[in-house]
Structures are given as structure tokens and as C-alpha cells.
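As C-alpha cells, the structure follows; a few thoughts come after it.
The values are calculated or read from the model by the stated rules, or taken from the named source; none is laboratory data. All values derive from a computational prediction rather than experimental measurement. We place every Cβ from the backbone using ideal geometry, glycine too, and count neighbours over all the protein chains shown.
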Amino acid sequence: MQSFVYHNPTKIIFGLGVLGQTGAEAAAHGKRALLVTGGGSIRRSGVYDTVRASLEAAGIEVVDFGGVEPNPKLSHLRQGIELAKTSGADLVIAAGGGSVMDEAKAIAAGACMDTDINDYLTGGALLSCALPVITVPTVAATGSEMNGVFVITNDETHVKNGMAHDLVRPKTSIMDPATTATIPLEYTILAAVDIVSHATEGTLTQADNDTPLQDGLTDTVVRTVMDCMHVLMATPTDLPARTNMMWASTLAWNGLCPAGIGTWAKPCHMLGHPISAMYDTLHGATLSIVTPAWMEHQAEIEPTRIARWGRSLFGVSEQDDRSAALVTASALRGWYRKLGAPLTFAEAGIEKPDLDGLAERSMSIARSKGEDSGWNTAGIRSVLERSLQGSK
């Protein structure tokens, strides 16, 4: 195990019926809240009314800002920042899924900046302050409720920028598993793919092989998601499964799983982000397309960690690590197929992907994150080519 510092100050209030505590938590941080939401589902489910009533009962003035889309867009983000500034909001509350939470964090950052938020997203400006953020997640997927990460797509250049800063880490997250029970199954499937990717990219790319605690924690998170999905495929509203999956999504991306594993990378997100930026594909779909293909690529280079994971999660019996890693990729692809997640570009509605353009954008992300060791555009393109057919 490697040396590490772990600090996560986000307060979690988790359980059935906890939405009514939103107002009291908000009152500790501000008096006028920009309430960020997505489409109409949050109103149909009753979550919006419950959250707003709680805020108003606590004396919080509410300023509505809705319309956040999947893969949140820079143009809409700028509107939110402008509204936060002109309304005098001193607090941002996100009620919705990962995209809503991501945009809310970016609004919180931009509301305190004199320059355009894109200057920060592209590395041309530093962040020195942000409005406090509270989240009310309604989808178990990104873990955005307990981290400082947010991803924004520039809808003019079709470039997706992921940022992370402690200043936008939520102060409190109000997590009621019942809010996720009405999420359509097709979105739940892609959410499961996202959680598994978040939990495993560290364990699959780390160099240190002496991390039994982290391996066990990561594997338990993934196994929990798989068990929950087995139930939810038959009964999408099953509350115990929704409850366990909600907490698994938080643990997968709150920094705990990779604490102590040393240096690691996010190759599947590197490969997936340009796909969603260029084709507006849902994030989970990009991950189900590229992850098995990346595993097959990695099996030829450094198969040890993938082999370990496959033996633990899928009962892979091959003793040779390369063979075990390849079987693991096939097993993961089989699980995705069982769920109904897309395995190829065509299955995600992308008939003629620009592989050269995608490879160049992925390489740019790798360079910007310092994760370009061992990569070049030709290598990335070869992984994407595997994703055309779903196998080698």
C-alpha cells in the first residue's frame, strides 16, 4: 500500500424520508438558493415540491434554474451563472442526477469568477472561491454528491472538460433512495455501468499489487451493483436494491476505493468523453462500448490487474494472466449484454464514428491529465476499432 491523505468533508444524510432536512442544511450556508434541476421528472416524482417546501419552511428564498441536459452544456451553464449573479444567490442546490450536480458545481464556481467559466475549464484561470453546494441526488450513478468533480461539454467545439476542485465539493448531500425508484430501467442500466467503471479504473490500472483491502472494497462495491442489477432487471422499483446501489455509487467515486493504491489512470473515461462530446451519447453508454475493448488492449501490455479482477468477480480460472484478462473482458462484455447496454458504436446509434477525431481528442485528454504514458493516437484508434464490432 502507498502513502496517502484522505479527506472528504461532505456530510451525508442518507435514508428514506430525509428530503425534508434539505432546508435546515441549506440554512447553515445561505439565505437565497439557486435550485438547479433537469427535466420534468423531478416535478412529476414530487421531489421538487418536497425540496422546495423544505427550503421555504427554513426561510430560504428559492430561485429556480431548470433545463439541465445529460452531458451538461457550456451555453446553459453560462445562463445559470448569470442568473446566480443577478439574483444574488449565495447557495446552489442541485436536485437531480449527475448532470444536474455537475452543472450546479460549475455554476457555484462561475458565480464567484470575474472571467468566463470556460477560462477555468480550459486551464486559463484559477478557482479561488465558490458558492456552497448542496445536492439532492435522484440517480445512483456518478457519485457527484460526494466529490468535487464536474464535467461540462462545450457545445460549440464539442469538447468535454472534466475538472475537480475541493471548493465545489458539496457541503451536504441529502440522499433518499426512494427518489431513484422511478428511474427508467434503461437509465439504471447505464448508471450501473458508470458505477462499475468508477470503482474499477483505479484497481485495473494501479502498479501496486499489495492492496488487499482496496481490492476487497472495490470488488464489494462492484459485486453489490451486480447483485442489485440482478434484482432490478426483474423488479425496477425494488427499494432494498435501489438503496444499496445508491450508496455503492457514492463509495465508488468519493476517493475511498483508490486511497492507498498509488498512481492510477482513467483510460475508459479518456476514451469515452470524446464520444459523448461529439455525439451526445449518454456517459454510461460510452463506457460500455470502450471498456471491454480497452481491457483486450491492456491484456497484451499489462494484464495482471485485470486478471486479478476477473478471477474475483467472474470466477475466471485461467492461470495465465493474459488469457485471464481476455476472458475477463469477454465476461464483462457478457454482463453488459445481459443488461442491454450497448457494446458497439452502432448499438449506441453512432453508425460512422470519426475514429481519427475521437483518438485525437482522447489523446488530448490524456496529455492534459498527465496520463499519456504508453499512449499515442494510433493505439487509441486501435481500441476504438475494437468497439466497432464489440470484440477483436
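When you scan segment 282-317, how many residues do you find that are among the β-branched types (Val, Ile, Thr) and crowded, with 24+ Cβ neighbours inside 10 Å? Number of matching residues: 5. Looking at segment 287-392, the helices (runs of 4 or more DSSP H) lying wholly inside it that each contain 2 or more residues that are within 21 Å of Trp264 (Cα to Cα), assigned by TED's automatic domain parsing to the domain that holds Val196 and modelled with pLDDT under 95 sit at 355-368, 377-389.
Only one entry of Ala248, Ala241, Ala199, Ala259 meets the criterion of being crowded, with 17+ Cβ neighbours inside 10 Å and more than 29 Å from Ala366 (Cβ to Cβ), and that entry is Ala241. For Leu34, the requirement of being in contact (Cβ under 8 Å) with a residue 24 or more places away in the chain, at negative phi and surrounded by 23 or more Cβ atoms within 10 Å (Cβ to Cβ) is met. Number of residues in segment 37-53 that are surrounded by fewer than 21 Cβ atoms within 10 Å (Cβ to Cβ) and in contact with a Ser or Thr (Cβ under 7 Å, 6 or more places away or on another chain): the value is 1. Total residues in segment 345-383 satisfying the condition of being among the basic types (Lys, Arg), surrounded by 16 or more Cβ atoms within 10 Å (Cβ to Cβ) and over 21 Å from the mean Cα position of the chain (by Cα): the figure is 1. So is Lys105 in the same structural domain as Thr22 (by TED's automatic domain parsing), in a strand (DSSP E or B) and basic (Lys, Arg) or not? Spelling it out, it is not the case that Lys105 is in the same structural domain as Thr22 (by TED's automatic domain parsing), in a strand (DSSP E or B) and basic (Lys, Arg). With respect to (1) buried (at least 17 other Cβ atoms within 10 Å of the Cβ); (2) at pLDDT 95 or above; (3) assigned to a loop (DSSP other than H, G, I, E, B), the lone exception for Ser3 is condition (1). Note on segment 84-110: residues that are without any contact (Cβ under 8 Å) to a residue 60 or more places away in the chain and either among the aromatic types (Phe, Trp, Tyr) or surrounded by fewer than 24 Cβ atoms within 10 Å (Cβ to Cβ) (or both) total 4.
Among the residues of segment 78-91, is there at least one that is part of a loop (DSSP other than H, G, I, E, B), among the β-branched types (Val, Ile, Thr) and more than 23 Å from Thr281 (Cα to Cα)? Write out each step before concluding.
We begin by selecting, within segment 78-91, every residue part of a loop (DSSP other than H, G, I, E, B); these are 88-90.
Filter once more, so that each one left must be among the β-branched types (Val, Ile, Thr): none.
Scanning segment 78-91, I find no residue that is part of a loop (DSSP other than H, G, I, E, B), among the β-branched types (Val, Ile, Thr) and more than 23 Å from Thr281 (Cα to Cα), so the answer is no.
Filtering segment 38-81 to residues that are of a type in the set (Ser, Thr, Tyr) and touching a helix residue (DSSP H, G or I) at 6+ places or on another chain (Cβ under 6 Å) leaves Tyr48, Thr50, Ser54.
Taken over segment 332-344, the criterion of being buried (at least 17 other Cβ atoms within 10 Å of the Cβ) and among the small types (Gly, Ala, Ser) is satisfied by Ala341 alone.
Return the only residue of Ala307, Ala299 being without any contact (Cβ under 8 Å) to a residue 40 or more places away in the chain, farther than 17 Å from Pro212 by Cα and not acidic (Asp, Glu). Write out each step before concluding.
Working: Ala307 fails: farther than 17 Å from Pro212 by Cα.
Of Ala307, Ala299, the one residue that is without any contact (Cβ under 8 Å) to a residue 40 or more places away in the chain, farther than 17 Å from Pro212 by Cα and not acidic (Asp, Glu) is Ala299.
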